[in-house]
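Single-structure report; data block below.
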Amino acid sequence: MVKPGYRLALFATVLAGVVVLLGAYTRLTHAGLGCPDWPGCYGFLAVPMSEHTQALAEVRFPEAPVEVAKGWYEMVHRYFAGSLGLVILGLAVQALRRRGEPGQPLKLPLLLLGLVILQGAFGMWTVTLKLWPQVVSAHLLGGFATLSLLFLLTLRLSGAAPPLPTLSARLRGLAAISLLLVIGQIALGGWVSSNYAAVACVDLPTCHGEWWPAMDFANGFHLTQHIGPNYLGGQLDSDARTAIHMTHRLGALVVTLVLLLLAWRLRRAGLSRLAGLLLLALGVQVGLGISNVVFHLPLPVAVAHNAGGALLLLTLVSVNYRVRLNSHSRQLAVVRHSGDPGVRQHNAGTPDRQQGPSVPMAPTGQ
């Protein structure tokens, strides 16, 4: 049964997806500093358009000439992100008002409210720290985290998940590991993007014609690099960027192999639809990643690669939700069964060796 707040959570999830894609578009068009201040743009609520306001903007920020197109890319992203924050605030208020109702999530909406406030701070630091890669990557991860948690909230409020067959603990563990690996790969993708390393290698499957080219991992993953310069366009040399790019490639290989195993296990467990959805999301993302290299990072493909990462993440959230929902339902069934007085009396007079499990056990091969 659908719970109150479901439609608002679904709307917020879609809006969060739009915000993630707008953020990717802003980053890929090098418009992250399209407005040199925050939350306005050159001291205005919108991008200065008239000759008078542009002249005033250049007086205020002489080191940042007005670029109208880039300014609008940034401001549209901010407008949508601000709207998302208001919707999440509404979800949190609604959760507080309905906190006594059965099945109403409370911690998750409050966590989302805290996360979106933190995202606002990261958005500010992205500008004030001039695209410092650590902040840009954290801001990207925060966007994906907001999207995935909103999707989880939507699933919990939907009440539409059908019962699943009994699943093995190994399958649940593999699903959790797969989710963590995808999160790690998204973090690597953010590091590639924030350090402008997407085209550090322009050939496949080799890089610069070598299987193991010259790479500088120490500088490529130097997370304590100083704050100060303008990081637009990146500050790392070729070997450092190659190290980042190759790490992302190797991570993609590991993630692909693990997700193929998970899809096979899901299919064996009778969850063919989930397995098919996972394979589709994985295939699209791998294809987009290869296209980015082969076609030298065309903007539509690069933005679609971000969308593919979001789709793959949401698929893994759905898989883990379905698997763990089933496990939680089984535990509740055992507790309720054992709490029945008649059951307790029957169990007390029955030898342990004659007692069967409360629920069917998974086949050993599952």
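The values are calculated or read from the model by the stated rules, or taken from the named source; none is laboratory data. This is a predicted model, so every value here is computed, not measured. Backbone-built Cβ (ideal geometry, glycine too); neighbour counts: all protein chains shown. Surface areas here come from the heavy atoms of the whole protein model, side chains and all, with no ligands, DNA or RNA. Shrake-Rupley method; radii C 1.70, N 1.55, O 1.52, S 1.80 Å.
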Please report, in Å, the Rg and the Dmax of the chain, where both are computed over Cα atoms only. 24.4, 91
Comparing T206, T224, T242, which has the greatest mean-square fluctuation in the GNM of the chain with Cα pairs linked when under 10 Å apart? T224
So which lysines pass the test for K3, namely a Cα distance under 24 Å, with those fewer than 8 places away in the same chain ruled out? K107
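With Cβ to Cβ distances under 15 Å as the rule, what net charge do the other residues near S193 carry (K, R +1; D, E -1)? Display every interim value, and only then the final one.
Details: positive: R27, R241, R249; negative: none.
Net charge in that neighbourhood comes out at +3.
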Between H208 and V68, what is the spin-label point distance in nm, taking each point 7 Å from the Cα along the Cα→C-beta axis? 4.3
Dipole size in debye (nearest 20) for the chain around its Cα centre, Lys and Arg Cβ +1, Asp and Glu Cβ -1? 2080
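For M49, M75, what's the largest-to-smallest order of accessible area, 1.4 Å probe?
On the way: M49 110, M75 5 Å².
Largest accessible area first, the residues go M49, M75.
What's the local net charge at K130, with K and R +1, D and E -1, over the other residues with C-beta under 15 Å away? Walk me through the numbers on the way to the answer.
On the way: positive: R27, K70; negative: D37, E63, E74.
Charge balance near K130 sits at -1.
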Heads up, the range 39-105 by the C-alpha gyration tensor (a ≥ b ≥ c square roots of eigenvalues; a/c under 1.5 rounded, else a/b over b/c prolate, else oblate) looks prolate
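Going by the alpha-carbon gyration tensor, a ≥ b ≥ c the square roots of its eigenvalues, is the range 197-288 rounded (a/c under 1.5) or, if a/c is not under 1.5, prolate (a/b greater than b/c) versus oblate? Display every interim value, and only then the final one.
Values: a/c = 2.98, a/b = 2.22, b/c = 1.34.
Since a/c reaches 1.5 and a/b is larger than b/c, the shape of the range 197-288 is classed as prolate.
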How long, wide and thick is the range 108-244, going by the Cα atoms along their three principal axes, in whole angstroms, largest first? 53, 39, 22
Under a GNM of the chain (C-alpha, springs under 10 Å), which listed residue has the highest mean-square fluctuation: P205, P62, P300? P62
Among P62, G114, F80, flag the residue with its Cα farthest along the positive direction of the charge dipole of the range 62-127, charges on Cβ as +1 for Lys/Arg and -1 for Asp/Glu. G114
Hey, quick one: spin label on R7, modelled 7 Å out along Cα-Cβ, who in the range 120-157 has an amide N within reach, i.e. under 17 Å? 154-155, 157
Solvent-accessible surface ranking, highest first, for F122, F144, F221 at 1.4 angstrom: F221, F122, F144
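Please give the per residue accessible area of the chain, computed with a probe of 1.4 Å over protein heavy atoms only, in Å². Walk me through the numbers on the way to the answer.
Details: 18710 Å² over 366 residues.
Per residue, the chain has 51 Å² of solvent-accessible surface.
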Which residue fluctuates most in the GNM of the chain (Cα springs below 10 Å): S238, S148, S193? S238
Degrees, to the nearest 10: 6-28 long Cα axis against longest axis of the chain: 40
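Counting only protein heavy atoms and a 1.4 Å probe, tell me what percentage of the range 215-296's accessible area is made up of carbon and sulfur.
Working: 2880 of 4320 Å².
Carbon-and-sulfur percentage of accessible area, whole number: 67.
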Once the dipole of the chain is set up with Lys and Arg at +1 and Asp and Glu at -1 on Cβ about the Cα centre, which of G5, G189, L15 lies farthest towards its positive end? G5
Under the rule a/c < 1.5 gives rounded, and otherwise a/b versus b/c splits prolate from oblate, where does the range 91-169 land using the Cα gyration tensor? oblate
Just need the Rg to Rh number for the range 1-141, please, alpha carbons only, Kirkwood Rh. 1.08
Add +1 for every Lys or Arg and -1 for every Asp or Glu among the other residues with Cβ under 14 Å from the Cβ of Y6, and state the total. +3
Return one quarter of the surface area of the convex hull spanned by the alpha-carbon atoms of the range 9-68, equal to its mean projected area, in nm². 4.8
Could you report the accessible area of W191 in Å², rounded to 10, computed with a 1.4 Å probe on the protein chains as they sit in the structure? 20
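With n ≥ 4 as the cut-off for DSSP H runs, can you work out [θ] at 222 nm for the chain, using -39500 (n - 2.57) per run divided by the number of residues, rounded to the nearest 500?
On the way: 11 runs with 243 residues, N = 366.
Mean residue ellipticity at 222 nm (helix-derived): -23000 deg cm²/dmol.
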